[in-house]
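Read the structure below first, then the notes.
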Amino acid sequence: MPEKFVIYGGKPLKGEVEIKGAKNAAFPILAAALLTRETCILDNLPLIEDVFQFLRVLEILGAKISWLEKRRIRINCSEINPLKIPPEIVCRFRGSVLLIGPFLARFNKVKIPPPGGCLIGARPIDTHLDAFSQAGIKVSILSPDKENNKEKKDNLYFFEKKQQEGKEVILREFSVTATENLLLFFASKPQKTILKIADLDYQVQELIRVLKKMGVEVREIGAHTIEIRGTKNPRGFQHKLISDPIETGTFIVATLATGGDVLIKNAELSFLTLFLKRLKDFGASFRIINKDAIRVLPSGYRGSGQGVKNLKMDKIQSLPYPGIHSDLQPELGVLATQTEGPTLIHDPLFEGRLKYLEELNKMGANIIFCDPHRAVVYGPSKLQGIEISSLDLRAGAALIIAGLTAEGKTVINNIYQIDRGYERIEERLQQLGADIRRVKE
């Protein structure tokens, strides 16, 4: 039964919150378990919809998975059948694209439907296809026979190993998942391979740590350049996921936007360097307690609908690591509605990422769109609670912050999108004093 969030805004967040495991780092590490016939143990898993979907896919493929503790699993992928890929699940979330690399490492041929995910613009896997072609993989797109194929309406990607394998791959753009896919593929190749224009965000660095535990030699040898020498028999591993830096950033912004005072524990701050630098530039008040704790303080909060006096933002631009994550741009866009003067929001990565701003305008924000990648937010604006829908995962988190900031009642529909990436976020916000409830429709 569909659920929605009902929020009554205007209450500053106060108290303590603990950050859960990193969603986007879980996928490549679960995929790495496909490389070995040995048992692997993964700890600190976030209990969210996308992780459950990935585990379901692995079980359908033949993996043996058992829960050792609430967030700790044992997984063995010795008996995997790639022909059992469930298209109805794979087409539902973006992380499924990471099946390609380990499957090609273990099998000669792989067929997979297009992966799904958030509707934040065109997200083709062209970078993956081009990279695998350079790596010696023949890539084809199979169009279904409309008369004979009644099971699948979508095209299928077909990958087949060639004799010759490339020893250098240059990605056509910075892509987290393409970097991960190539690392997973080369992890079982004893030859040395150079990967250029590689993304080095937290997900990739977590995967590299795990691959090293599996006996793979991986090292950075230059700017966005990785050298990898795989092993024919990758070992099993034990690994504890890092905390989610995106969730950390979300709670930081939610606290600032509501004029709260929150201690964020188990926080991942090492991948938020520029994010925190820009917040400090804007006048945000916070104190880093230690490497994994930060206290966010009121920054001249005037009260609901009146903005935050000491915050003045000028420009938010999301870029590949070490830039500000595109996943945190929507949250910062909401914060911009509560600050004095104009703020340019620029997301060059996804042309659909700014759609949440249309919902903010419906709530009373003053936002002008320049093009699909840029908009100017004029603040402060008195947001008014209305009924809106979560367009995607990160937009949903941003709209929760908007609802916490707004006057009156905000209803957010389609919260399945939010559950994909945030574990019971309403319960954690309730512990901070927020008036937010999960309601069945």
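The values are calculated or read from the model by the stated rules, or taken from the named source; none is laboratory data. Values in this document were obtained by computation on a predicted structure and should not be read as measured data. Every residue, glycine among them, receives a Cβ derived from its backbone with ideal geometry; neighbour counts consider all protein chains shown.
Scan the stretch 91-111 and give yes if some residue there is assigned to a loop (DSSP other than H, G, I, E, B), modelled with pLDDT under 95, over 23 Å from the mean Cα position of the chain (by Cα) and of a type in the set (D, E, K, R), otherwise no. Within the stretch 91-111, none of the residues are assigned to a loop (DSSP other than H, G, I, E, B), modelled with pLDDT under 95, over 23 Å from the mean Cα position of the chain (by Cα) and of a type in the set (D, E, K, R). Only one entry of 316, 294, 288 meets the criterion of being in the same structural domain as residue 346 (by TED's automatic domain parsing), touching a residue at least 40 places away in the same chain (Cβ under 8 Å) and not aromatic (Phe, Trp, Tyr), and that entry is 294.
Of all residues in the stretch 206-242, which are under 18 Å from residue 185 (Cβ atoms), touching a Gly at 6+ places or on another chain (Cβ under 9 Å) and in contact (Cβ under 8 Å) with a residue 40 or more places away in the chain? The answer is 211, 214, 230, 231, 233, 234, 235. Has the stretch 386-394 got at least one residue that is modelled with pLDDT of 95 or more, surrounded by fewer than 24 Cβ atoms within 10 Å (Cβ to Cβ) and not hydrophobic (A, V, I, L, M, F, W, C)? Checking the stretch 386-394: at least one residue is modelled with pLDDT of 95 or more, surrounded by fewer than 24 Cβ atoms within 10 Å (Cβ to Cβ) and not hydrophobic (A, V, I, L, M, F, W, C). Of the listed requirements (1) outside any loop (DSSP other than H, G, I, E, B); (2) farther than 11 Å from residue 5 by Cβ; (3) basic (Lys, Arg), residue 437 misses just one: (2).
Here's the yes/no breakdown for (1) under 25 Å from residue 15 (Cβ atoms); (2) modelled with pLDDT under 95; (3) part of a helix (DSSP H, G or I):
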{"site": "296", "(1), (2), (3)": "yes, no, no"}
{"site": "320", "(1), (2), (3)": "no, yes, no"}
{"site": "330", "(1), (2), (3)": "yes, no, yes"}
{"site": "348", "(1), (2), (3)": "no, yes, no"}
{"site": "357", "(1), (2), (3)": "no, no, yes"}
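Could we say that residue 5 is surrounded by 15 or more Cβ atoms within 10 Å (Cβ to Cβ), part of a strand (DSSP E or B) and aromatic (Phe, Trp, Tyr) here? When the stated conditions are applied, residue 5 passes them. Applying the set (1) more than 20 Å from the chain's Cα centre (by Cα); (2) within 30 Å of residue 363 (Cα to Cα) to residue 23 leaves exactly one unmet item: (1). Remark: pairs (first residue in the stretch 85-98, in the same structural domain as residue 185 (by TED's automatic domain parsing) and over 17 Å from residue 155 (Cβ atoms); second residue at pLDDT 80 or above and not in a helix (DSSP H, G or I); Cβ separation under 9 Å; 6+ apart in sequence or on different chains) = 93/420. I need the full set of residues from the stretch 335-366 which are crowded, with 23+ Cβ neighbours inside 10 Å and either free of Cβ contacts under 8 Å to residues at least 12 places away in the same chain or in contact with a Ser or Thr (Cβ under 7 Å, 6 or more places away or on another chain) (or both), in order please. Hits for the stretch 335-366 are 336, 337, 338, 347, 353, 360, 365.
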